[in-house]
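To start, the structure under review is shown below, and the notes come after it.
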Amino acid sequence: MKNKMKSKQIALTLFLVPTLIFSQVTHPSETAGNSEKQIGYGSVAGEMVDFEMYEEACKAFQTQDSVQFAQQQREYTQKDQDASADKAWNYVVETILFEKEYEALGIEVSQKEFYAYLFGTDGFPVLPEIAQGFSDPATGLFNAKLLEERIEEMESSNDENTQKLWEDSKKYYTDRIKQEKYFSTVKQGLYATKLEEAEAYSSQNEIKVISYVLRRYSEINDDEIEITDSELLKYYEEHKNDKKYENEYARREVRFFDIEINPSKDDSLKFENEIINLKNSFGTAANDSLFVIQNSDVKFYSSAKIATAVPEGHEKEQYLQSYPQYMDTVFKACSIGEIVGPYESKGNVVISKVIGFTPTRIKSRHILLATNQSNNNKVIDQKQKIADSLIKFITKENFEEFVTKYSDDKGSMPTGGLLDNFIEAEMVQEFATFCATKPIGYIGTVKTDFGIHIVEVLERDATMFPVLASIHKSLRASQSATDVVEIEANNLRNELESEISKKTDLKAKNELFDTIAERAGYFVRPLSILENAPKIYGFTTEKAEDEILKLAYLGDVKIGDISTPIKDNDRYVIAMVSSIQVKGVPTFLDVENSMKRDLIEEKKAALLTTQMLEDKSLKALAKRTKKEVIKAEISFENPIITGAGYEPEIVGIVFSSLKKGHFTKPLKGKIGIYVVQIEKSIKIDSSANNKDEMVAEYDIDSQLLAAMKKKAEIIDNRRFLKAGIRR
């Protein structure tokens, strides 16, 4: 069986283990009484998130994800832990939000309803995970008796862990029922009147054929439009309260650039000598495992087939070692014990020792007589006896018939037990060895943790992938090379602070930061940090992220504040606070650039509109302006104009007020000024739709949840708390 199936087909010795990750967390109603005034990890609708609830959720999600990573032979990094913590945060927030809704609407679940939900009675369907976990081995169908026995066993158990497991499972499914009830209640309130139905149907089934002339704003260069400071300030005063310019959230922005720390020539020479010495020593090493662990930057060694290596770009690369495509012929021509390299792979220099080979592709089919990982010898012996009796009658011609009748592997049953295009590394060892070594066409039995397999080996490629023990090394700068860059960074930072401190105008501070950095040969980038949920992107170390957060939020922060050089692995970062934005009405500095663009567009629109007012027909307008009359078909539902683009306002005007044969005055669109004429309308008769009322079947779940979160004004303070910043 494939390794990835290990996590899928584990016997259910516990009740629905995969769901427990969501039910081991204490709910808000169970942790009332936390009266601290601090924000702590954050707040939802003004209420502080309970410390223990979040911590338990974090632990549960990180445990689950770390197990999944281990099963996939992937390293569970700090970034991955942070991602698990984000899942926990979202779970806690949504739990709190839904609990409030359940309480407000009086949503409850009776015991009768709970058991009907589990057993798929009284109108409830059988849940897929329960159907799979409690299926009859003979038929593959859900067996309610098995579920009933398991529940009785858990309810009557004196074991504390088993009791808690049952309570957790009950809590999980009760919450699930409540959520389904909640969404069902909301959807019942969504409907459309006959008029709305007719309008919706018309928008989907009416097309207007139009002709138009378009003058694009891009025809006029921006530098041809003069914008004075007083005009821009006046525009700001008139439009600062417009919704489009509103700051939905408070935020702070920094501008930063980085100075890379590169190895010196001496560093490169030392590295080359180190690689030569490692290659010589690796060839004579008595213990490959110890040598790899002691010398490689990547601490991985296995003598099993999981150490198989494939060419980069191969479909199985994600969970195996890999080497460059150009090395494929080299490795396939090697012998066991041969040292290959050094060669470059994914930023590292690699030296590999060939410790084995494995077929590049295997194809087989099997019948699984499952033992569900039982250690009971009686169970195993019984399955082996059944396999021994069946194999006497199995041939390549009737193999699929026996799969359908006897195999417990429901995943491969539809394909006649076929397992195609796999390599040894993907299978449990016993099964893999059988398929890789037995003759083609051989039918026999093999025992694994899953049970007894009756296997037919169908195909096996003659070409081989190598099994490798590899030393990975990367060239890094020495401390002396790092010191040189640090001195440069400090000098540049001091220059920035000296020059910028002389400026009082906030815009001038930002421009001077960019000028000095670019003059020194560095590229400046912006970074926006939301105050209600701070996230830092583009950095490789948490310490560097903390320093950016402290620069932006710790103490009496001002625009123009500059960081000391921040070490972030192989670079130094210099950053400056460039904007402090409060929620609501923006400052002039925040929207100066965007308002200037909009004002330029307005002036272009006014100029083009004036130039397009004179003509009595589209043909005359097109001739005078040296444009063409373009024909297009448009619909209200999809307001895209062929030859132009997305123009909902123009399409709306055409559908709402324009009659056939008439043409509009110049209309301001997103990309330019239009004059439009309707040629004809094409309508589809909607009288055939005789429904009295159309119930709207919207996919509202995600939209509703997003609206709930927005209304709750969620504050995620975790990152500030971690960096030692409290608000």
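Cβ-Cβ below 7 Å, separation at least six or inter-chain, first residue in segment 173-198 and assigned by TED's automatic domain parsing to the domain that holds Ala104, second hydroxyl-bearing (Ser, Thr, Tyr) and at pLDDT 85 or above: which pairs?
Tyr173/Tyr117; Ile177/Tyr117; Lys178/Tyr102; Tyr182/Tyr102
I need a count of the residues in segment 648-665 that are crowded, with 21+ Cβ neighbours inside 10 Å and over 39 Å from the mean Cα position of the chain (by Cα).
Looking only at that region, the number is 1.
If you take the residues of segment 261-296 that are of a type in the set (D, E, K, R) and under 14 Å from Ser352 (Cβ atoms), which of them is surrounded by the most Cβ atoms within 10 Å (Cβ to Cβ)?
This residue is Lys279.
Can you name the residue in segment 94-118 that is surrounded by 13 or more Cβ atoms within 10 Å (Cβ to Cβ) and over 34 Å from the mean Cα position of the chain (by Cα) and, of all such residues, is nearest to Ile151 (Cα to Cα)?
Among residues in segment 94-118 that are surrounded by 13 or more Cβ atoms within 10 Å (Cβ to Cβ) and over 34 Å from the mean Cα position of the chain (by Cα), the one nearest to Ile151 (Cα to Cα) is Tyr115.
When only residues in segment 132-144 that are closer than 26 Å to Ile386 by Cα and among the hydrophobic types (A, V, I, L, M, F, W, C) count, which is nearest to the chain's Cα centre (by Cα)?
The qualifying residue nearest to the chain's Cα centre (by Cα) is Phe134.
In segment 326-363, which residues are basic (Lys, Arg) and surrounded by fewer than 19 Cβ atoms within 10 Å (Cβ to Cβ)?
Passing the criteria: Lys332, Lys346, Arg361, Lys363.
Can you confirm whether Ile380 is surrounded by 14 or more Cβ atoms within 10 Å (Cβ to Cβ), among the aliphatic types (A, V, I, L, M) and either assigned by TED's automatic domain parsing to the domain that holds Gly337 or in a strand (DSSP E or B) (or both)?
It is false that Ile380 is surrounded by 14 or more Cβ atoms within 10 Å (Cβ to Cβ), among the aliphatic types (A, V, I, L, M) and either assigned by TED's automatic domain parsing to the domain that holds Gly337 or in a strand (DSSP E or B) (or both).
Among the numbered criteria (1) over 36 Å from the mean Cα position of the chain (by Cα); (2) part of a helix (DSSP H, G or I); (3) among the charged types (D, E, K, R), which one does Glu397 miss?
Glu397 satisfies every listed condition except (2).
Please indicate, with yes or no, whether at least one residue in segment 539-558 is over 20 Å from Arg726 (Cα atoms), of a type in the set (Ser, Thr, Tyr) and out of contact with any His (no Cβ under 7 Å at 6 or more places or on another chain).
Yes: segment 539-558 contains one or more residues that are over 20 Å from Arg726 (Cα atoms), of a type in the set (Ser, Thr, Tyr) and out of contact with any His (no Cβ under 7 Å at 6 or more places or on another chain).
If I go through segment 307-319 residue by residue, how many of them are more than 14 Å from Ala469 (Cβ to Cβ) and either of a type outside the set (Asp, Glu) or surrounded by 17 or more Cβ atoms within 10 Å (Cβ to Cβ) (or both)? Give the derivation first.
Within segment 307-319, the first condition is being more than 14 Å from Ala469 (Cβ to Cβ), and the residues that meet it are 310-319.
Cutting the leftovers down to either of a type outside the set (Asp, Glu) or surrounded by 17 or more Cβ atoms within 10 Å (Cβ to Cβ) (or both) gives us 310-311, 313-314, 316, 318-319.
The total comes to 7.
Filter segment 516-547 down to the residues that are part of a helix (DSSP H, G or I), in contact with a strand residue (DSSP E or B) (Cβ under 6 Å, 6 or more places away or on another chain) and hydrophobic (A, V, I, L, M, F, W, C) and list them by number.
Passing the criteria: Ala517, Ala544.
Would you check if there is a residue in segment 620-642 being of a type in the set (Gly, Ala, Ser), part of a loop (DSSP other than H, G, I, E, B) and touching a strand residue (DSSP E or B) at 6+ places or on another chain (Cβ under 6 Å)? Write out each step before concluding.
Pass one, segment 620-642, residues of a type in the set (Gly, Ala, Ser): 620, 622, 632, 635.
Applying the additional criterion that residues be part of a loop (DSSP other than H, G, I, E, B) yields 635.
Now narrow it down to the ones that are touching a strand residue (DSSP E or B) at 6+ places or on another chain (Cβ under 6 Å): 635.
So far as segment 620-642 goes, yes, one or more of its residues are of a type in the set (Gly, Ala, Ser), part of a loop (DSSP other than H, G, I, E, B) and touching a strand residue (DSSP E or B) at 6+ places or on another chain (Cβ under 6 Å).
Take Glu679 and decide whether it is in contact (Cβ under 8 Å) with a residue 24 or more places away in the chain, surrounded by 14 or more Cβ atoms within 10 Å (Cβ to Cβ) and acidic (Asp, Glu).
no
I need a count of the residues in segment 581-595 that are in a helix (DSSP H, G or I) and out of contact with any helix residue (DSSP H, G or I) (no Cβ under 6 Å at 6 or more places or on another chain).
So the answer is 4.
Among residues belonging to segment 130-188 that are assigned to a helix (DSSP H, G or I), among the small types (Gly, Ala, Ser) and exposed (fewer than 12 other Cβ atoms within 10 Å of the Cβ), point out the one that is modelled with the highest pLDDT.
Ser156
State all residues of segment 433-465 that are within 33 Å of the chain's Cα centre (by Cα) and either within 28 Å of Leu290 (Cβ to Cβ) or free of Cβ contacts under 8 Å to residues at least 24 places away in the same chain (or both); if no residue qualifies, say none.
Correct list: Phe465 only.
Please pick out the residue among Ile386, Ile380, Ile394, Ile423 that is under 30 Å from His314 (Cα atoms) and hydrophobic (A, V, I, L, M, F, W, C). Steps first, answer last, please.
Numbers: Ile386 fails: under 30 Å from His314 (Cα atoms); Ile380 fails: under 30 Å from His314 (Cα atoms); Ile394 fails: under 30 Å from His314 (Cα atoms).
Of the residues listed, the single one that is under 30 Å from His314 (Cα atoms) and hydrophobic (A, V, I, L, M, F, W, C) is Ile423.
The values are calculated or read from the model by the stated rules, or taken from the named source; none is laboratory data. Bear in mind the structure is a predicted one, so any value in this text is a computation, not a measurement. Ideal geometry is used to build each Cβ from the backbone, glycine not excepted, and the neighbour counts take in all protein chains shown.
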